[in-house]
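A short worksheet on the structure shown next.
The values are calculated or read from the model by the stated rules, or taken from the named source; none is laboratory data. Model, not experiment: these values are computed from the prediction. As a convention, Cβ positions derive from the backbone with ideal geometry for all residues, glycine included, and neighbour counts pool all protein chains shown.
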Amino acid sequence: MGEEPRFSGQNKCQHAHLHSPCYICSADGKVRQHDIKHRKFTFDPKEGIDNPVMVLTEDADSTAIPRLCILKREEGESFGFHLRLERIHQGHIVRNVAPGGVAERSGLRDGDRLLEVNNCFVDDVPHPDVARKIRLSGHQLCFLVLDGEYYEQALSRGVDLRGLVRGDKGQDCKAPRLCYICRDPVSGLGINFTPVEGEKGRFSVNLVPGGAAEKAGVRKGDRLVWMNGATVSNLTHSALSRMMKKCGDHITILVIDSESVKNYMLQRRPILPTMAVPHKLPHRARKLHLLPGPEGYGFLLRLEKASSGRTSHVLREVDTDSPADRAGMQDGELLLEVNGETVETLTHDDIVDRVRLSGQQVSLTTITAQGLEFYTQLGLSPLLFCEDDAEENEEMDGSCKARHCSLLKGPLGFGFNLGCVEGRPGTFISQVVPGGSGESAGLLPGDVVMEVNGQNVEEKYLEDVIMLVKDGVLSLSLIVMDKDEYNRLKQTDTPTTDSTNSEEEDNHEISFL
């Protein structure tokens, strides 16, 4: 392959400073839906952010009913839909549902809004993170969706979508636990299973007190869902016993408490390993955050073929006391992601380019070869359970975290004022109205506004940001960061958001076809 790439970063940092004047929000009023669609907005700094925002006049009698859609695909088959962000609509929108495909057969319809992925509420989650959850789910997905028309009506009436989801579920379902059990020399695995009377393919857990299974997070009375990558719902007790005997010195099982099993069954929801909380797993992917030194990052990237035939991007020759060494990189680790983007479909040169273009910081997700083999045997993505080493990295200030704030318009509007540095792009929260939606959502005076409704606004002027806020109608999604943390982050030119909309694009689409 010729000379392998070593990495250096030479971009100069830019400092961001925010100062005063702000525009005060004041006016209150109502505009009919028809008027808003055709009305041209003229920015008036005297009116500010809570200047008349539309109140929908549609019939509010329709009931928003979330629907559960279970998508199961075969090897090589796609889910058969696109997931979009659209400037003129709110939410994660299902589009281009393939006729006769997995998505359509599950009941997914064009225009549906995605509320949950595998029991995780995602309506207020950034679009790339939602897409990542779907991609890491393997061959089965559990969606909770809402009809697009009902979704818009719910937002117009100020419905709490989280509350709507909780009400639809009824009883809470606790997350299952993925437990790795390593055989004890004396007591063995410390676990056996008893068939649940009258329920084929269901097994109750029996534990040796203080044994290996109990130490691994398994609890008395748990129900077994999955073992070493295989569901047990179609197994007889004798088949399960044979599987146990073949497991050797360790076993990985998915368990859940008996009460939650009943609730999942009532709701007809699957219990998936992608929903699980991991316990004592022997291998975890790690996120490493590197800031370049005078000689670059201090590691070598090689494309290597293992004895199994699998080709991997391998981290080699980690220089002592280099940024890679201080971040915890180990020779021989396999590269899974660069800056949150999976390398699975990238060429070696593509990866090299992404590292070199990362500026003053690069984020690498890695795992050992043994770890990759562990997850491969279980049929799970190694990215499902990932440790973030940023808090342990002395070169990173782990406090620099963006916050997601979801607001519904109330009697006080959105309950905040925006400010800017006159003549410069960038906006910040200049005032938060006590008791308003902004305060409830966690906004603080001085917070820098980074995204509005999924669109990055760090380089936009106040007038443009206000237009985006008004596009939000009666709900608003903001990503903000403390001013001091933002300035400190910008001093290293660190990417601050995972924005899905550029300034030139109105829509963003991710294909699951």
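Some notes on this structure:
- The lone exception for Arg269 - which of (1) under 23 Å from Gly188 (Cα atoms); (2) in contact with a Leu (Cβ under 9 Å, 6 or more places away or on another chain); (3) touching a residue at least 60 places away in the same chain (Cβ under 8 Å) it fails: (1)
- Every residue from the range 222-256 that is among the small types (Gly, Ala, Ser) and touching a helix residue (DSSP H, G or I) at 6+ places or on another chain (Cβ under 8 Å): Gly229, Ala230
- His279 vs. criteria touching a strand residue (DSSP E or B) at 6+ places or on another chain (Cβ under 6 Å), within 30 Å of Val218 (Cβ to Cβ), modelled with pLDDT under 90 and outside the structural domain of Leu224 (by TED's automatic domain parsing): yes
- Filter result (over 17 Å from His250 (Cα atoms) and in contact with a strand residue (DSSP E or B) (Cβ under 6 Å, 6 or more places away or on another chain)) within the range 282-295: Ala285, Arg286, Lys287, Leu288, His289, Leu290
- Qualifying residues in the range 445-503 (those that are of a type in the set (Gly, Ala, Ser) and within 17 Å of Glu86 (Cβ to Cβ)) - the one modelled with the highest pLDDT: Ser477
- Residues (over 30 Å from Arg157 (Cβ atoms) and either out of contact with any strand residue (DSSP E or B) (no Cβ under 8 Å at 6 or more places or on another chain) or at pLDDT 95 or above (or both)) located in the range 74-101: Glu74, Glu75, Gly76, Glu77, Ser78, Gly80, Ala98, Pro99, Gly100, Gly101
- Hey, Val125 hydrophobic (A, V, I, L, M, F, W, C) and at pLDDT below 90 or not: yes
- Residue check, Glu344 modelled with pLDDT of 90 or more, surrounded by fewer than 16 Cβ atoms within 10 Å (Cβ to Cβ) and not basic (Lys, Arg): no
- Every pair of residues 6+ apart whose Cβ atoms lie under 8 Å, when the first sits in the range 119-137 and is more than 10 Å from His92 (Cβ to Cβ) while the second is among the basic types (Lys, Arg): Asn119/Arg269; Cys120/Lys133; Phe121/Arg162
- Residue count for the range 229-251, restricted to those that are farther than 16 Å from Asn192 by Cβ, among the polar types (S, T, N, Q), touching a strand residue (DSSP E or B) at 6+ places or on another chain (Cβ under 9 Å) and not in a strand (DSSP E or B): 1.
Each row is one residue, and each column tells you yes or no for (1) under 32 Å from the mean Cα position of the chain (by Cα); (2) of a type in the set (Lys, Arg); (3) at pLDDT 90 or above.
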residue: Ala212; (1), (2), (3): no, no, yes
residue: Arg219; (1), (2), (3): yes, yes, yes
residue: Asp222; (1), (2), (3): yes, no, yes
residue: Gly248; (1), (2), (3): no, no, no
residue: Ile251; (1), (2), (3): yes, no, yes
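- When the range 428-446 is filtered for residues that are of a type outside the set (Phe, Trp, Tyr), within 17 Å of His404 (Cβ to Cβ) and touching a strand residue (DSSP E or B) at 6+ places or on another chain (Cβ under 7 Å), the ones remaining, listed by number, are Ile429, Val432, Ser437, Gly438, Glu439, Ala441, Gly442, Leu443, Leu444.
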